[in-house]
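Take a look at the structure set out below.
The values are calculated or read from the model by the stated rules, or taken from the named source; none is laboratory data. Computed from a predicted model, the values in this text were never measured in an experiment. Positions of Cβ are backbone-derived with ideal geometry, glycine not excepted, and every protein chain shown enters the neighbour counts.
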Amino acid sequence: MITIDIELESTRYPVYLGRGGLARAELWAPHLGAGRVLVVSNDVVAPLYLDALASGLGDRAFDVHVIPDGEQHKTVATWQGIIDRLIDLQARRDTQLIALGGGVVGDITGFAAAAYMRGVRFLQAPTTLLAQVDASVGGKTGVNHARGKNLIGAFHQPAAVIIDSATLDTLPAREFNAGLAEVVKYGVLGDAPFFDWLEVNADRIVAREEDAIDEMIRRSVENKARVVGQDEKESGVRALLNLGHTFGHALEAETAYTAFLHGEAVAIGMVTAALLSEQRDLCPTGTAARISALLGRFGLPVRIPAELDPGGLAAALELDKKAVAAGLRLVLLEGIGAAVVDSNSSANDILNAMETNRA
């Protein structure tokens with residue numbers, strides 16, 4: 001079992017990584033208080049892994065709240081359902097929530113924990129690759145609005161993150177591949193040796209070799225921990241973690257969160273950002289092609305669908321929460337492993353990049 005410490009200005013907490021972690025009582029016990037426990041999961045994950053979590057909790061009594069699976073359910077209404085359940089249980093301030101599931105479950109459970117009685121403890125038990133390498137670490141919580149992704153939320157750090165990499169054994173290929181987009185992102189934005197490692201080990205990763213998967217997750221979490229440790233609430237360097245996300249969120253919003261998994265949209269967004277960087281002479285020609293090639297080996301889309309109008313996407317970009325008064329703030333590239341926050345792209349620059357990357 002690997003332990004990665006997340007060191008923040010406001011708090012610190014461990015991330016435990018290893019196969020079988022859900023059922024290991026010694027990981028859960030130090031981070032659970034005396035109050036009521038509510039496990040929030042979805043209707044796909046709960047039948048698969050609730051029993052393993054119950055083993056880890058031992059003789060500890062807990063309640064369960066199950067939400068529907070899917071990004072389209074990451075809404076205020078679903079969040080309200082968790083709050084209603086807490087009120088029905090007469091949960092007090094010493095209550096703790098456990099998020100058992102992917103990024104949607106983690107984000108919405110964390111937001112409920114942030115809001116209920118102005119903040120109660122919660123723990124993350126991520127079961128998808130995307131959640132394990134990205135969403136479960138760093139304290140971003142929230143829900144979507146019809147006009148934009150994650151527009152409603154709060155920063156609320158977990159007490160611990162327990163990553164049981166064995167849960168990936170049941171993860172469908174499309175979901176697994178979507179998580180790989182966030183993995184590639186870490187190499188592209190600030191860790192060129194990790195990007196090189198991914199290129200060399202891509203076949204082992206696709207085959208889900210256990211040692212390669214655990215190494216990949218470890219290096220991804222360490223990359224995120226390094227960035228978040230410098231900038232907990234995204235006032236500076238943490239914005240680099242949004243590489244590919246501004247374009248990706250626009251794609252998700254324009255397709256009503258039904259056409260793409262989050263990682264798929266991020267993959268397309270990353271390539272679009274790289275093309276924009278090349279067109280503005282910020283990075284060497286061929287950077288986008290290299291990123292696209294690796295994403296393609298991982299079974300991810302890299303082009304904007306032909307039926308989507310770049311003009312509509314541009315309108316969605318304007319509402320993205322990463323837009324600032326001075327202009328649209330984008331994460332662009334100076335090369336593999338060197339990302340920068342940039343607000344100097346004109347509307348024509350952005351439209352041209354999207355058109356270039358349109359299928």
Can you tell me which residue within the range 58-75, out of those that are of a type in the set (A, V, I, L, M) and closer than 22 Å to residue 27 by Cβ, is modelled with the highest pLDDT?
64
Collect the residues in the range 206-218 that are assigned to a helix (DSSP H, G or I) and over 19 Å from the mean Cα position of the chain (by Cα), keeping them in residue-number order.
206, 210, 211, 212
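Would you point out the residue of the range 183-214, among those that are within 19 Å of residue 16 (Cα to Cα) and in contact with a helix residue (DSSP H, G or I) (Cβ under 8 Å, 6 or more places away or on another chain), that is surrounded by the most Cβ atoms within 10 Å (Cβ to Cβ)? Before the answer, list the steps.
Applying the first criterion (within 19 Å of residue 16 (Cα to Cα)) to the range 183-214 yields 183, 210-214.
Keeping just the survivors that are in contact with a helix residue (DSSP H, G or I) (Cβ under 8 Å, 6 or more places away or on another chain) gives 183, 210, 212-214.
Numbers: 183: 25, 210: 13, 212: 18, 213: 22, 214: 17.
Filtering first and then ranking leaves 183.
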Residue 16 versus (1) within 30 Å of residue 174 (Cα to Cα); (2) in a loop (DSSP other than H, G, I, E, B); (3) not hydrophobic (A, V, I, L, M, F, W, C): which is the lone unmet condition?
(2)
Of the conditions (1) buried (at least 24 other Cβ atoms within 10 Å of the Cβ); (2) modelled with pLDDT of 95 or more; (3) in contact with a Pro (Cβ under 9 Å, 6 or more places away or on another chain), the single one that residue 121 does not satisfy is (1)
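Among what's in the range 246-265 and is under 15 Å from residue 353 (Cα atoms) and either under 14 Å from the mean Cα position of the chain (by Cα) or among the hydroxyl-bearing types (Ser, Thr, Tyr) (or both), pick the residue that is surrounded by the fewest Cβ atoms within 10 Å (Cβ to Cβ).
The first filter runs over the range 246-265 and keeps only residues under 15 Å from residue 353 (Cα atoms), leaving 246-248, 250-251.
With the extra rule that they be either under 14 Å from the mean Cα position of the chain (by Cα) or among the hydroxyl-bearing types (Ser, Thr, Tyr) (or both), the set shrinks to 246, 248.
Numbers: 246: 23, 248: 26.
Out of the qualifying residues, it is 246.
Modelled with pLDDT of 95 or more, basic (Lys, Arg), surrounded by fewer than 16 Cβ atoms within 10 Å (Cβ to Cβ) and in the same structural domain as residue 189 (by TED's automatic domain parsing), is that true of residue 280?
Working: modelled with pLDDT of 95 or more: yes; basic (Lys, Arg): yes; surrounded by fewer than 16 Cβ atoms within 10 Å (Cβ to Cβ): no; in the same structural domain as residue 189 (by TED's automatic domain parsing): yes.
The answer is no for residue 280.
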Checking the conditions here, which among 300, 351 is modelled with pLDDT of 95 or more and either within 17 Å of residue 186 (Cα to Cα) or of a type outside the set (D, E, K, R) (or both)?
300
Just name the residue that is farthest from residue 297 (Cα to Cα) out of those in the range 173-193 that are free of Cβ contacts under 8 Å to residues at least 60 places away in the same chain and touching a Lys or Arg at 6+ places or on another chain (Cβ under 8 Å).
186
Within the range 217-233, which residues are out of contact with any Phe, Trp or Tyr (no Cβ under 7 Å at 6 or more places or on another chain) and either assigned by TED's automatic domain parsing to the domain that holds residue 10 or over 17 Å from residue 136 (Cβ atoms) (or both)?
230, 231
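One line per residue, one yes/no per condition, for (1) touching a residue at least 24 places away in the same chain (Cβ under 8 Å); (2) closer than 19 Å to residue 169 by Cα; (3) of a type in the set (A, V, I, L, M, F, W, C):
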{"site": "34", "(1), (2), (3)": "yes, no, yes"}
{"site": "52", "(1), (2), (3)": "yes, yes, yes"}
{"site": "68", "(1), (2), (3)": "yes, no, no"}
{"site": "103", "(1), (2), (3)": "yes, yes, no"}
{"site": "106", "(1), (2), (3)": "yes, no, no"}
{"site": "119", "(1), (2), (3)": "yes, no, no"}
{"site": "125", "(1), (2), (3)": "yes, yes, yes"}
{"site": "129", "(1), (2), (3)": "yes, yes, yes"}
{"site": "141", "(1), (2), (3)": "yes, no, no"}
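Take residue 320 and decide whether it is buried (at least 16 other Cβ atoms within 10 Å of the Cβ) and either more than 20 Å from residue 180 (Cα to Cα) or modelled with pLDDT of 95 or more (or both). Lay out the reasoning, then the answer.
Working: buried (at least 16 other Cβ atoms within 10 Å of the Cβ): yes; either more than 20 Å from residue 180 (Cα to Cα) or modelled with pLDDT of 95 or more (or both): yes.
Yes; evaluated as a whole, the condition is true for this residue.
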Within the range 135-176, work out how many residues are buried (at least 24 other Cβ atoms within 10 Å of the Cβ), modelled with pLDDT of 95 or more and either in a helix (DSSP H, G or I) or assigned by TED's automatic domain parsing to the domain that holds residue 189 (or both).
1
Across the range 177-205, what is the total count of residues that are out of contact with any Leu (no Cβ under 9 Å at 6 or more places or on another chain) and either among the aromatic types (Phe, Trp, Tyr) or part of a helix (DSSP H, G or I) (or both)?
9
Leading residue by the ranking (farthest from residue 152 (Cα to Cα)) among those in the range 39-85 that are over 21 Å from the mean Cα position of the chain (by Cα) and of a type in the set (Asp, Glu):
59
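In the list 233, 224, which residue meets the criterion of being among the basic types (Lys, Arg), farther than 18 Å from residue 129 by Cα and in contact (Cβ under 8 Å) with a residue 40 or more places away in the chain?
Details: 224 fails: farther than 18 Å from residue 129 by Cα.
When all the criteria are applied, what remains is 233.
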Looking at residue 343, is it under 25 Å from the mean Cα position of the chain (by Cα), crowded, with 16+ Cβ neighbours inside 10 Å and without any contact (Cβ under 8 Å) to a residue 40 or more places away in the chain?
no
